[in-house]
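In what follows, a single structure is set out as structure tokens and then discussed.
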Amino acid sequence: MPDGRCLVLIDTRRKLPMLPGGTVETQDIDPTQTLHREAHEEAHLAVGPTHYLGYLHDTTSGSYAGLDACARVRMAGPISHIGPSTPDPASGITMLRFLATPHRVVELFGWGDQGYQQADAAIRAANCLWNYPIAPFSTDVLQVPLEGLRP
């Protein structure tokens, strides 16, 4: 978001928090294309040009898809549009959508030092690449209206 907040999703079926994204599929050229596709499918979200932040070693991914530990690519990108809430065509799940600052996201997910380093990198990228203000730490988490939101 232009104010430096990130979109967080809640899977309403499994009651799990997540960020937009997912597994690279055969039709995806690279993780960037996966992010754009999954963000649209999961959250009706349009993301502009992305910036690679790194990856997060996920030892709890079994909660999400029954997978073993894996690496999750982390990217930042400006949100250009959040459309109306609709079911994900792949899963049929309608996600709840929330906005929170990068550091609050790390705190909510419990990602520790590695997460804070990536949050700092996301804040710098948003400021340097897209001229977003530096997001101050805030505990506020705002729900995106069902009809969507234009930044």
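The values are calculated or read from the model by the stated rules, or taken from the named source; none is laboratory data. As the structure is a computational prediction, the values presented were derived from the model and not from experiment. Note: ideal-geometry Cβ built from the backbone for every residue, glycine included; neighbour counts use all protein chains shown. Areas reflect the complete protein model, heavy atoms only, side chains present, ligands, DNA and RNA absent. Shrake-Rupley method; radii C 1.70, N 1.55, O 1.52, S 1.80 Å.
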Task: Complete set of residues in segment 118-137 that are touching a strand residue (DSSP E or B) at 6+ places or on another chain (Cβ under 8 Å) and surrounded by fewer than 17 Cβ atoms within 10 Å (Cβ to Cβ) - done: L129
Open item on the list: What pairs come out if I take residues in segment 8-21 that are closer than 13 Å to A39 by Cα and pair them with residues that are part of a loop (DSSP other than H, G, I, E, B) and open to solvent by 50 Å² or more (accessible area, probe 1.4 Å) whose C-beta lies under 8 Å away, six or more apart or interchain?
Closed with: V8/V141
Open item on the list: Tally up the residues in segment 138-151 that are out of contact with any Ser or Thr (no Cβ under 7 Å at 6 or more places or on another chain), open to solvent by 80 Å² or more (accessible area, probe 1.4 Å) and within 13 Å of L45 (Cα to Cα), please.
Closed with: 2
Task: Matching residues, segment 133-151, being modelled with pLDDT under 85 and not in a loop (DSSP other than H, G, I, E, B) - done: L149
TODO: Among the candidates I93, I82, single out the residue that is of a type in the set (V, I, T), modelled with pLDDT of 90 or more and surrounded by 12 or more Cβ atoms within 10 Å (Cβ to Cβ).
DONE: I82
TODO: May I ask you to verify whether R104 is modelled with pLDDT of 85 or more, over 19 Å from P49 (Cβ atoms) and out of contact with any strand residue (DSSP E or B) (no Cβ under 7 Å at 6 or more places or on another chain)?
DONE: yes
Open item on the list: With the requirement that a residue be modelled with pLDDT of 90 or more, out of contact with any Gly (no Cβ under 6 Å at 6 or more places or on another chain) and open to solvent by less than 40 Å² (accessible area, probe 1.4 Å), what does segment 43-75 give you?
Closed with: A43, L45, A46
Open item on the list: I need every pair where a residue in segment 31-54 that is free of Cβ contacts under 8 Å to residues at least 60 places away in the same chain and within 16 Å of M95 (Cα to Cα) has its Cβ under 6 Å from the Cβ of a residue that is of a type in the set (K, R) and open to solvent by less than 30 Å² (accessible area, probe 1.4 Å), sequence separation at least 6 or different chains.
Closed with: A43/R97
Task: Any hit, segment 29-36, residues being farther than 29 Å from I134 by Cα and touching a helix residue (DSSP H, G or I) at 6+ places or on another chain (Cβ under 8 Å) - done: no
